[in-house]
1. Can you work out the FRET efficiency for the pair TYR340 and ASP215, with r the C-beta to C-beta distance and R0 = 25 Å, to the nearest 0.05?
2. Rounded to two decimals, what is Rg over Rh for segment 238-340 when you use alpha-carbon atoms and the Kirkwood radius?
3. ³J(HN,Hα) across segment 264-273 via Karplus (A = 6.51, B = -1.76, C = 1.60, θ = phi - 60°), whole Hz, x for Gly/Pro?
4. Rounded, prolate or oblate: which fits segment 129-235, taking a ≥ b ≥ c as square roots of the Cα gyration tensor eigenvalues, rounded meaning a/c under 1.5, else prolate when a/b beats b/c?
5. Mean separation of Cα pairs under 8 Å and 6+ residues apart, divided by the residue count of segment 128-267: what relative contact order is that in percent?
6. Give me the lysines in straight-line cross-link reach of LYS321: C-alpha distance below 29 Å, same-chain residues under 8 apart excluded.
7. Sort ASP221, ASP201 so that the residue with the fewest other Cβ atoms within 10 Å of its own Cβ comes first and the one with the most comes last.
8. Treat the count of other C-beta atoms within 10 Å as a stand-in for reagent exposure and order VAL256, VAL261 from fewest to most.
Amino acid sequence: MPQAVSQTNPISEIRATPRSMRLVTESIGSDLEHFSTDNALIVRQIRLLAINALIEAARAGETGKGFAVVANEVQRLAQGASETAERFQQNVLGRIRQSRSMADDLVEQMEGVRLIDLAQTLVQFIVRNLFERTADVRWWATDSALWQALEQPSPERAQHAAARLGVINRFYTVYLDLVMTDARGMVIASANPRYQRNLKDKDLSSEAWFRSARDCRSGDDYIVDTVKRSGCHDNRDVLVYATGIRAGGRTDGALVGTLGVYFDWQAQGQAIVEKEANLPPQVVDKTEVLLLDGANMVIASSRPERIYTHFALNNPQQLAKGSYYDQSGAIVAFAKTLGYEDYDGLGWSGVIIQSMDSDEELRQQLRLK
């Protein structure tokens, strides 16, 4: 009759983790404690037998003297075994208990540290990317086609400005659109042909990015809006970088309009949380990767249904990074951005949530009792 195929993975294929190593240490300690207890019981029984043998040898008189010698030797050996067991108890088991305590600390530190590092890496990756956007918007706002179309308005100059913005948009695929307004907030030109008809002459004066860009004191300043859906762009998630367009393209020129560049957050943000984490296959399904803005709103997640919800980060001490276990036993690691150059990173954070195998599940995988 053919034997059933075992569905249990060989122990050699089980991934080594701080938690699994702790359980192996605990198992070794438990086995040694049972051995020590059993050994002590056997030593006591041997000593009782030796005492009984001495009593019987004494009753036998002369004929029992030889047996008494053997009984004394057995008693001496039992005493030696008892002393060895005591040293084992003090030394070996003491070290095992110490290693258990150290293993507990390592589980918290190592599980947290590796995920904290990943959270920090991800948020820094996107922040460094976005730092370049601050240079883009200030540079493009000085393009002569833009300020000339605003200083000397005409359909031809507006078309030329749109063409210039279109060239930029074609080569910078991280942008969904580039939109130029006059000082009142009316759209004069935009880059993406898909949205140009709806945007032409549209009033954006109520947009937060326009109002903030209009208030920039010079061409060296810029603003960053919050991640949100753009009603002008099929409700796609965008992040707008904006600045003022100034007369003559000078940094100290009079404000003649604004330029808003719509970073395609929907594509870029999801790519960060879904691809850049590069998680091992065995933990992908157990891990969620998030990016939070400065108000702890979820702006990207490997579970898209979380986007635009508030994440209750447990960080009462306002630490720059750390980790903790939530109510379900999952580990939550977080790290705030360090910023990059003169870009403060807007207070964004990377967060990794990873559910852990229970101790009982690990014991079964490791075939531990």
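FYI, it's all coordinate maths here, none of it is from the lab. In this text the structure is predicted, and so the values were computed from the model without any measurement. With ideal geometry, Cβ positions are generated from the backbone for all residues, glycine too; neighbour counts draw on all protein chains shown.
1. FRET efficiency, TYR340 to ASP215: 0.55.
2. Result for segment 238-340 is an Rg/Rh of 1.13.
3. For segment 264-273, the Karplus-derived couplings read 7, 5, 4, 7, 6, x, 5, 4, 5, 7 Hz, x marking Gly and Pro.
4. rounded
5. So the answer I get is 29 percent.
6. Once the sequence-local lysines are set aside, what remains near LYS321 is LYS228, LYS275, LYS286, LYS336.
7. Lowest count first: ASP201, ASP221.
8. The fewest-first ordering by Cβ neighbours comes to VAL256, VAL261.
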